[in-house]
Structure formats: structure tokens, C-alpha cells
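Structure, as C-alpha cells:
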Amino acid sequence: MFLFAGYDAHGVIDKALIYYVRALSKLGDVIVCTDCDCAKSEIKKIEKYTIGTISGRHGEYDFGSYKRAYMYAHDARILPQYDYVYLINDSVYGPLEPLAQYLLKMESFGTDAFGMVCNPNRHEAYIQSWFIGCAKSVFLSKWFDEFMRSVTHQPDKGSVTYLYEHGFTRMLNKNNKTWQCIYSVPNRGIYNRIKKLYLRGLPFFKKNAFIRHNGALGAQIAYILRHIPDDLARAIMTNATRTWGDEHIHWLLTRNPIKIFIRNIKYATHKILHEGL
């Protein structure tokens, strides 16, 4: 089962999200919770791919949606019928490749929990929260239930990351549960090295790549868009254009190497002046 957290500033269920939910529905049951108010006409677009949908602004980010989707399944008493439960959010575009092979690989680890990407943070390695999988030894445990129910509104995203994204992995370690990920991506690589990760087989890229590094990631995005299915590329472009505007997208997706070089220089200069070497 997939507990899917979605967010759209305008409460729109667009083709990019439908593409993702439809892909998941071919592999298991899906419960979608959006941290935004979606009209019934919008929710109807994905109802046939889900066993439950929840919509309403709660301000608790992805784990707030995971909590609500989990409680929906818990209260319906359907959790024990699943071998694995996944926590997944829509902060990424994809899947760029068929997902079944990735689920099989993660589940074959034989660990209590697993994920698509680990951040090997030197202080505290953790599973990135946009794609986490759990075996019954985790999602049917008392501590997991308590952890999910403890999710509350936090003052900033940093607190959410520390308490819940890092916190989930801390709880795994505290309860002597094993975990493993397919990919290990340090620092901000998941945002900034999207072409390299795509060529390594990662079947997603972060949406925020469209607004990072002073536009220097435009060529990497354009490369990926040229190599994925046309219907997915169109869905991504429609979502990105609606989110950041047609003018920005047109400016961003240049293939001019001189412009890209200048953008990288400007970004590097900004980093040095404001953050130091």
C-alpha cells in the first residue's frame, strides 16, 4: 500500500500527479492525502486509482499527510493485509522508469525499512522522506503508530525535517530495525545532480531543480525531458509552467552552453560572497 502525500498551491490535481498516482495504482493500493483544499472535481481525477482520498490544508507538510493516510488505513483495519507500506510524496517528478523493478529491489534487501535514497549525512544518515518503504515489523509496531500520531504542525520546514524525516530513521535505529536504500546521495545532490542521477537510474528528479542554481540546471532538466516518455514530459512541463510561469521556464531551458556557463559562474560567485568557501 502507498500512502501518498500531495500538495499544490492552487489545489489542482494535474497530469503530473495523476501520472504518478496511476503508476503506483498498478503496483498496489493507494491512499492520497493532499495538504491543500482540492475541489471535488479535482479529487475525482484520481479517485479511480485510489482506495481513499483526503483533502484539506493542514500545514504539517508530507508527514502530516502520511499521518492522515496512515490513520485512514488504521481505522479501516486494513493494514495487516499488506506486506509493505510505502510513504511517498510528490516533491519529485516521475516515475521516469517503470517502478516495479525498484520496489522489487528494495523489498529484496530483507530489511525492516528501505528507501529510494539515503543521505549519508556525516552527523546522521537518514532515508529521504519522499520515498520510504516499511515491512510489517515497522508499520504494525506500537512505536510506529505512536510516531505517526505524534506528527504536529511545526514552525518551519527545518523542524519538520529534523523531527520527522531524520526522526523516522532515528526511530528505526532506536528500535533496532534494519534499513537500506538503493541510492546514496550526499548533501544537496538530489537537487543539483539530476542528470547524473538519472543516468544512474534514479527514476525521479526533484521539482525544485527548476528554481535552483540561478538556472544552471536548465540543461540537465532539458536532457531528462528529451529522454523520457512524451506524455510524462508534457505533464512535467505543464506542471512546471503553471507553478513557475511560462517566462521562467522559457528562460531556464536553454541549451546555449555560454549562457549555462555564465549562470554557473554567477551562482558560484554568489555562494562564495554570501556563504564563503
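The values are calculated or read from the model by the stated rules, or taken from the named source; none is laboratory data. Remember, it's a predicted structure, so these values are computed and weren't measured experimentally. Counting neighbours? That spans all protein chains shown, and the Cβs are built from the backbone with ideal geometry, glycine included.
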Where in the stretch 128-179 are there helices (runs of 4 or more DSSP H), lying fully within it, with 1 or more residues that are surrounded by fewer than 16 Cβ atoms within 10 Å (Cβ to Cβ) and among the polar types (S, T, N, Q)?
136-139, 157-160, 166-174
Only one of these conditions is not met by Asn239: (1) more than 16 Å from the chain's Cα centre (by Cα); (2) not assigned by TED's automatic domain parsing to the domain that holds His58. Which number is it?
(1)
Name every residue in the stretch 106-123 that is surrounded by 14 or more Cβ atoms within 10 Å (Cβ to Cβ) and assigned to a helix (DSSP H, G or I), in order of residue number.
Met106, Glu107
If you check every pair at least six apart or on different chains, which have Cβ atoms under 7 Å apart with a residue in the stretch 229-252 that is at negative phi first and a residue that is part of a helix (DSSP H, G or I) and among the polar types (S, T, N, Q) second?
Ile249/Thr241
